[in-house]
Amino acid sequence: MKYAVGVDIGGTTVKIGIFEESSKLLTKWEIPTVTANGGKQIVPDVAKSVLAKLAEMGIDKNDVIGLGVGAPGAVDENGYMGGGAVNLGWEPFNLKETFEAELQGIKVKGANDANAAAFGEMWQGGGRGYSDVVAVTLGTGVGGGIIVNGKLLAGATGAGGEIGHIHLEDDEPDTCGCGGHGCLEQYASATGIVRLAKRRLAQDDAPSVLRDSEISAKTVFDAVKAGDKVAIEIAEKFGYYLGKGLAAVANVVNPQIFVIGGGVSKAGEVLIPYIEPSFRKYAFPPCRGAKFALAQLGNDAGIVGAAGMVL
């Protein structure tokens, strides 16, 4: 029997899973992400935890095909993180080589965490059965992963798939986290939906349940489901921006399917009818047939995709 290990490095915890070659998940666990001292302890901590678990399960290192790791930053095909990882305290370094030195002979493949999650959704989740997939993560920001003909499109420096920073609005006064203005992320992320909601509520005194509650992406879409007219206008604006941004992506990579994940996707199928009209309007005609589906793997997408990259 052969095995693979999937690792998903987050700002608070590192998720780890051991998989059979058949793709069956045998066990998963988490360890804290220690970001003190420039995050120098993260890789040794993960390696130590993985080796201990393999020993506990009686798995010989020689039977491990490899370890895949998703990290929050750009990772090139050689495993080099030229921009480091700001939220982990990492300066530029080679993720693959550093892990391999700690793992005593186990081969390592690195990728951006959103790309790894995208690969997981194609392999075992909402994009299963398709080879040309764009995974969209709607969370605090907007992330993405692009898969063409079954292969991750990482780009020259590993920064491929940063769809949240497609420019959509010239007159946006607020600054995006990237330093730009008018990025898709400013309208389609959880924080972007709150921004759209506050702006709409400030326009007039139209009645809405949103005036009586703390505004979040969840409360907006709960109000949409309840038929609140103002909330529906906010959802339409959100859908306009996200559909237009995804049309730009479709016009370049022509995917079969978009898989929508992240915290905002918990609103469910209600999201998709707001995205599709704008998408169909702005997509090049041969690209308009792309399907939309919700992600299925939740928090396991990263470890599933990381393991899938080596399997």
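Here are the numbers for the structure shown:
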read-out	value
Residue within segment 191-203 that is part of a loop (DSSP other than H, G, I, E, B) and either of a type in the set (S, T, Y) or out of contact with any helix residue (DSSP H, G or I) (no Cβ under 6 Å at 6 or more places or on another chain) (or both) present	no
Boolean, G180 is in a loop (DSSP other than H, G, I, E, B), touching a strand residue (DSSP E or B) at 6+ places or on another chain (Cβ under 8 Å) and either surrounded by fewer than 17 Cβ atoms within 10 Å (Cβ to Cβ) or of a type in the set (F, W, Y) (or both)	yes
Segment 76-89: number of residues that are in contact with a Ser or Thr (Cβ under 9 Å, 6 or more places away or on another chain) and buried (at least 19 other Cβ atoms within 10 Å of the Cβ)	3
Test: E121 is crowded, with 18+ Cβ neighbours inside 10 Å and of a type outside the set (G, A, S)	yes
In segment 20-65, residue surrounded by the fewest Cβ atoms within 10 Å (Cβ to Cβ) [restricted to those that are among the small types (G, A, S) and out of contact with any strand residue (DSSP E or B) (no Cβ under 6 Å at 6 or more places or on another chain)]	G58
Check on G110, closer than 25 Å to A217 by Cβ, touching a residue at least 12 places away in the same chain (Cβ under 8 Å) and surrounded by 16 or more Cβ atoms within 10 Å (Cβ to Cβ)	no
Condition check for L88: at pLDDT below 95 and closer than 22 Å to T13 by Cα	yes
Any hit, segment 288-295, residues being within 13 Å of A188 (Cα to Cα) and in contact (Cβ under 8 Å) with a residue 40 or more places away in the chain	no
Breaking point among (1) outside the structural domain of P44 (by TED's automatic domain parsing); (2) surrounded by fewer than 17 Cβ atoms within 10 Å (Cβ to Cβ), for Y187	(2)
Options G245, G227, G263: the member that is surrounded by 21 or more Cβ atoms within 10 Å (Cβ to Cβ) and either modelled with pLDDT of 95 or more or within 25 Å of A301 (Cβ to Cβ) (or both)	G245
Identity of the residue in segment 269-303, within 17 Å of the chain's Cα centre (by Cα) and in a loop (DSSP other than H, G, I, E, B), that ends up farthest from N112 (Cα to Cα)	Q296
Some residue of segment 262-269 being among the hydrophobic types (A, V, I, L, M, F, W, C) and closer than 25 Å to G129 by Cα	yes
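The values are calculated or read from the model by the stated rules, or taken from the named source; none is laboratory data. All figures in this text were calculated on a predicted structure; none of them were measured in a lab. For neighbour counting, all protein chains shown are included, and Cβ atoms are generated from backbone atoms with ideal geometry for every residue, glycine included.
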